[in-house]
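Just below is one structure, and these are the notes that go with it.
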Amino acid sequence: IATRVTSHHDDEMEGDEADSVETALSFLFTAADRIDKGKGADDTADAIRLLETCVSVAAHNDVATAAPGHGHLNPANDNPPLWMIAAVGWNKLGEVHCDTGHLDDARGCFREAVELWEGFAEPRLSLAQLDREAGAFASALDWFKEVRTMPCPSETAGTPSALDGGAAASVAADTGRGGGAITATEDAEGGDKWEWHTEWAVEPWTRCRAVAAYHEAHLLSRLGRHDEAATLLRCDFGVKCRIAPEVWTLSQAPRAAGGRRQHQDPGPAGPRFFRDAVPPRLGAALRRGFAPTAPYWTETGYDSREYFSWWYDLATPPQTAVEHLIQHLLPLTGLPGAAGAEWWVHSRPNVADFGHQLHFDMEERGLEATGMVAHPAVSSVVYLSGNSRGVDGVGSTLVLDQTIDADAFAERGWLVRPAEDGFMTFPGDRLHGVIPGAPPSRRRGSAAADVPTRRLTLMIGWWAAEQCAAMGPGHRRPHGPGPACTVPRGSPHVSWPASLSFTAAEDDDAAAAGSESTADGVDVCLVSPVWEEMDSPDGPTGPPLEIPRSIDQRFFVRGVSDFRDAVYAEHFPGGQ
């Protein structure tokens, strides 16, 4: 790319304006506008062309050698220096290539940005995340540490920090990449005054530092380096309690290793697991309908939307494979008087296994309307991919004996190991999530080729008749995606329900009755303790960083109320 852009758009490089800051900024701002629109391939192509032109200005003027000190900034200037604009252009170009799946091109762009600006946190964080997702964990940890320990750009410049003390710590990111705004702001007198140093340098540094520190602690935990992770969690985030190291260890252990944590009767609080609960024809139909290239993912906007789910009235005849499966599994729930099922599906890459946030299943529309929390009577997971061939190390579901109104951390929990066509149920008011599995290099039990490329799970919340009556007739949304939506049928613009169509055969019911597992510690493994309290850090520390909400798995918390507070903060922003 660097070779290509040096001669790109030579017609736009002529004249006195070609090497000016204003010209470079105009290309950058216009590209940012195309990215924000993001309506299709034309906008993406325009953004790439504009960003390549922007960085061509840098190549034309040889800014790599014109940047004294590589990163020393003067916030008093009206505009950023040309080399900084070029670095931001390379970074934005790398982000576009990431979004379009051209990861090698993205890496090259991020490295160009790093070379231009030694104090630029965003491309370093992006390189760390690319390495982590590719399984290059040692390199990822090096990048994360570099971002975490970088000095504030204002300190590099030798000028007072735009954010001091607690104010700097309070800036929290909601995204993994910085994505700093490329806009002008107004000063108090109404004129345009662009605080470029704050927007492009200080705020992205603050966001990226928190993201990098969290990812570093998370990856260290996954790799079993818990003492190193503990230092980060205590000193950087003020964490008081974390998922116990043995939970991570058992989540990655071979299926045959029940160890001293044997399966026991979980009683009413714990999970039940049923092997081979999905009939073969239904399983095949579901795996086709939710394949990586299936229309479900693009038509629902799965990768870019918040949580959404679909509602099925159990009194209506099933039409899709999901609805047939729900009717088939209903007797295994042990729920008399079930009236409705809410379902959603997740597909996640196994190599970049980040786990899934600890959370509670609940009726979200009712919560937002009344402030009251309602949980399904029974929650469940259908494992459509898993350890069907003895593969070890794929992330396990963790169910904790902990409810939203608990005033103490759970003393016990259960790890449920994924097994293809397995079905797991547990009380709908219990805290649960997914603990990351073993890194590919540490998985045992089969060749790497046997590891499923993606973790595909179908979640079903089962609601009793009295709960549905209390919700009222308006609890379902007629259009989605959103919580508990009606499945769109017969729409010429939505094809995914048709891709899941299914007609039952006479032998389907007998094909997979679902036998409850009784194997000690193989499918369901009791763990206790499940939480570990952490000592206060030795010596003085600065204001704690805030864990960015969008990546917070809640494996590391400051108190038991964090879970309840997070629910209300998400649904009632601003505290109303």
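The values are calculated or read from the model by the stated rules, or taken from the named source; none is laboratory data. None of these values were measured; they are calculated from a predicted model. For neighbour counting, all protein chains shown are included, and Cβ atoms are generated from backbone atoms with ideal geometry for every residue, glycine included. Each accessible area value is taken on the protein alone, full model and side chains, heavy atoms only, with ligands, DNA and RNA left out. Shrake-Rupley method; radii C 1.70, N 1.55, O 1.52, S 1.80 Å.
Just wondering, is there one or more residues in region 204-213 that are modelled with pLDDT of 95 or more, in a loop (DSSP other than H, G, I, E, B) and either surrounded by 14 or more Cβ atoms within 10 Å (Cβ to Cβ) or in contact with a Phe, Trp or Tyr (Cβ under 6 Å, 6 or more places away or on another chain) (or both)?
No, every residue in region 204-213 fails to be modelled with pLDDT of 95 or more, in a loop (DSSP other than H, G, I, E, B) and either surrounded by 14 or more Cβ atoms within 10 Å (Cβ to Cβ) or in contact with a Phe, Trp or Tyr (Cβ under 6 Å, 6 or more places away or on another chain) (or both).
Restricting to region 285-303, count the residues that are open to solvent by 40 Å² or more (accessible area, probe 1.4 Å) and free of Cβ contacts under 8 Å to residues at least 12 places away in the same chain.
Qualifying residue count for the region: 3.
Before we move on, is Ala321 modelled with pLDDT of 95 or more and surrounded by fewer than 18 Cβ atoms within 10 Å (Cβ to Cβ)?
no
Can you list residue pairs whose Cβ atoms sit under 6 Å apart, with the first residue in region 342-367 being part of a strand (DSSP E or B) and acidic (Asp, Glu) and the second being at pLDDT 95 or above and surrounded by 21 or more Cβ atoms within 10 Å (Cβ to Cβ)? Count only pairs 6 or more apart in sequence or on different chains.
Glu342/Gly461
Quick grid of which residues meet (1) in contact with a Lys or Arg (Cβ under 6 Å, 6 or more places away or on another chain); (2) at pLDDT below 95; (3) farther than 17 Å from Asp523 by Cα; (4) not charged (D, E, K, R):
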| position | (1), (2), (3), (4) |
| --- | --- |
| Gly395 | no, yes, no, yes |
| Leu400 | no, no, no, yes |
| Phe409 | no, no, yes, yes |
| Phe426 | no, no, no, yes |
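Looking only at region 368-385, how many residues end up being more than 26 Å from Gly283 (Cβ to Cβ), outside any loop (DSSP other than H, G, I, E, B) and β-branched (Val, Ile, Thr)?
Selection size over region 368-385: 1.
I'd like the residue in region 253-309 that is polar (S, T, N, Q) and assigned to a loop (DSSP other than H, G, I, E, B) and, out of all such residues, is modelled with the lowest pLDDT.
Restricting to residues being polar (S, T, N, Q) and assigned to a loop (DSSP other than H, G, I, E, B), the top hit is Gln262.
List pairs: first residue in region 29-56 and under 19 Å from Gly101 (Cα atoms), second residue outside any helix (DSSP H, G or I) and open to solvent by 50 Å² or more (accessible area, probe 1.4 Å) anywhere in the structure, Cβ distance under 7 angstrom, at least six positions apart or on different chains.
That search, which allows pairs on different chains as well, returns Thr44/Thr100.
Arg234: modelled with pLDDT of 90 or more, surrounded by 17 or more Cβ atoms within 10 Å (Cβ to Cβ), assigned to a helix (DSSP H, G or I) and of a type in the set (Lys, Arg), yes or no?
yes
Run down Ala217, Ala229 and say which single residue is among the small types (Gly, Ala, Ser), out of contact with any His (no Cβ under 7 Å at 6 or more places or on another chain), closer than 24 Å to Pro153 by Cα and not in a loop (DSSP other than H, G, I, E, B).
Among Ala217, Ala229, only Ala217 is among the small types (Gly, Ala, Ser), out of contact with any His (no Cβ under 7 Å at 6 or more places or on another chain), closer than 24 Å to Pro153 by Cα and not in a loop (DSSP other than H, G, I, E, B).
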